[in-house]
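Since the structure comes first, as structure tokens, the remarks are kept for the end.
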Amino acid sequence: MYDFSNINGLQWAGLFGGLLLLVMLVLSVNVVIGRNKHRVLLGDGGNPEMAVASRGFGNAAEYIPAAIGMLILLALTDAPHWLIQIVGALMLAGRIIHPFGLKATGGVTLPRLVGMVLTWLSLSIGSVALVWTFIFAQAGN
């Protein structure tokens, strides 16, 4: 059995960062497969399936780098490990669920809604924790 008590905050951030980058890789491969299937070199070529695949990757590319930065900052400011785990798990779940809700017809689907709510919840908790840490660090000086 693995002893998780020896993992530090930066290692937790690294774990979730790595998992989030794997999500981006899967979504990127999905775009490449779609490009080959539909013979599209740039953009979506007017193909609804390509538009969905491109937006799935695009949405991940918009949120995941910020999330990784946030996780690293949480670790570097000595946030509790449980907080890093919660923020990372919420973001990971949100970014995995969200693409399943994208549809070429548009509109909001349950997976898309849940994915966005989890993503925003992760960013909200992490952002507030970072600001909170700064305020209390200044109060202690």
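The values are calculated or read from the model by the stated rules, or taken from the named source; none is laboratory data. These figures come from a predicted structure and were not determined experimentally. Glycine also receives a Cβ, built like all others from the backbone with ideal geometry; neighbour counts cover every protein chain displayed. Ligands, DNA and RNA are excluded from the accessible area calculation, which covers all protein heavy atoms including side chains. Shrake-Rupley method; radii C 1.70, N 1.55, O 1.52, S 1.80 Å.
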Mind listing whichever residues of the range 106-135 are small (Gly, Ala, Ser) and either free of Cβ contacts under 8 Å to residues at least 24 places away in the same chain or open to solvent by less than 50 Å² (accessible area, probe 1.4 Å) (or both)? GLY106, GLY107, GLY115, SER122, SER124, GLY126, ALA129
Selection from the range 58-84 of residues outside any helix (DSSP H, G or I) and of a type outside the set (Asp, Glu) yields THR77, ALA79, PRO80
Verdict on LYS103 being of a type in the set (Lys, Arg), in contact with a helix residue (DSSP H, G or I) (Cβ under 9 Å, 6 or more places away or on another chain) and either open to solvent by less than 50 Å² (accessible area, probe 1.4 Å) or modelled with pLDDT under 90 (or both): yes
Please tell me if VAL87 is open to solvent by 40 Å² or more (accessible area, probe 1.4 Å), part of a helix (DSSP H, G or I) and of a type in the set (A, V, I, L, M, F, W, C). no
Quickly run through the range 56-74 and pick out the residues that are over 30 Å from ARG35 (Cβ atoms) and surrounded by 21 or more Cβ atoms within 10 Å (Cβ to Cβ). MET70, LEU71, LEU74
